[in-house]
Amino acid sequence: MPDPALLTALIVVVFGAGFVNGTIGFGFAVVAVNVLAVALGAKPGIVVISLLGPVLSATQLWHFRAHAATWRRVRSLLAGALVGAFVGTQLLVFLPGPVISLALGLFTVWYVVTRLRAERPALASRTERALAPVAGFVAGVSSGSLGASGPILGTYLMAIGLRAGDFVFAISLVFFGAALPRNALLSVNGFYASGLVATALALLVPTFLGQQAGYWLRGRLPADRLQQAILAVLLLSSVDLVVGGVQGLLGAGI
């Protein structure tokens, strides 16, 4: 367990990350993972995120259960994410983590910038079906190896035209599904040490309260402001991915 001062700081961080997640439907891992990685270490930080994230996803699935029919549209995306999460957690990827981070970041920057310039039509159904398993696989690898997949999933779901409750239910479903193989592998490989589990439990209530506060704000945001908030978080997270990727490549001497 962290010392009381550090634990207090982490409580503030996860409350804020939960608030972002409750407001726009994702962003918890993106906001919290770097702080937890610095405070606890890279792998322990991701392990703690892996315990908190599924709880948020599950509560959002229940909160937005009226949009459950959306699952049919993202079945292929979910299937790809399940496979990708297994691969990512095992770190059996063809490219180094920094390269994946950089590529995801640059792609998301491109999408957000072009969307800010003009409203883009939703992808054609044929293109959507072809891209779904690929996008899911990449998101799963990102979740397993980097601890966050919101940028790629959020970009894809917006590109196919999902909005509001449909968007939140879909992204929460894929988050939750991808967490299952990831957490199973982490458990089998002994990553869930008692101290990290205790830390996650200590952070669970403030994370949940932050999410509930985010729901309150979400209900008061106009639809256009909500979409702008989603794009803003996507942009910030993509910049973070790019910076992390560049730093990783430089550190590796690539």
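Brief remarks follow.
- From the list 81, 68, the lone residue that is of a type in the set (A, V, I, L, M) and surrounded by fewer than 18 Cβ atoms within 10 Å (Cβ to Cβ) is 68.
- Residue match in the range 43-53 (condition: outside any loop (DSSP other than H, G, I, E, B) and surrounded by fewer than 19 Cβ atoms within 10 Å (Cβ to Cβ)): yes
- Residue 13 vs. criteria surrounded by 17 or more Cβ atoms within 10 Å (Cβ to Cβ) and over 15 Å from residue 210 (Cα atoms): no
- In the set (1) modelled with pLDDT of 95 or more; (2) over 17 Å from residue 56 (Cβ atoms); (3) hydroxyl-bearing (Ser, Thr, Tyr), the condition left unmet by residue 155 is number (1).
- Odd one out for residue 215 among (1) assigned to a helix (DSSP H, G or I); (2) within 18 Å of residue 46 (Cα to Cα); (3) hydroxyl-bearing (Ser, Thr, Tyr): (2)
- Checked across the range 38-61, the condition of being among the charged types (D, E, K, R), touching a residue at least 60 places away in the same chain (Cβ under 8 Å) and either touching a Pro at 6+ places or on another chain (Cβ under 6 Å) or within 20 Å of residue 146 (Cβ to Cβ) (or both) holds for at least one residue.
The values are calculated or read from the model by the stated rules, or taken from the named source; none is laboratory data. Everything numeric here is computed off the predicted structure, so don't read it as measured data. Ideal geometry is used to build each Cβ from the backbone, glycine not excepted, and the neighbour counts take in all protein chains shown.
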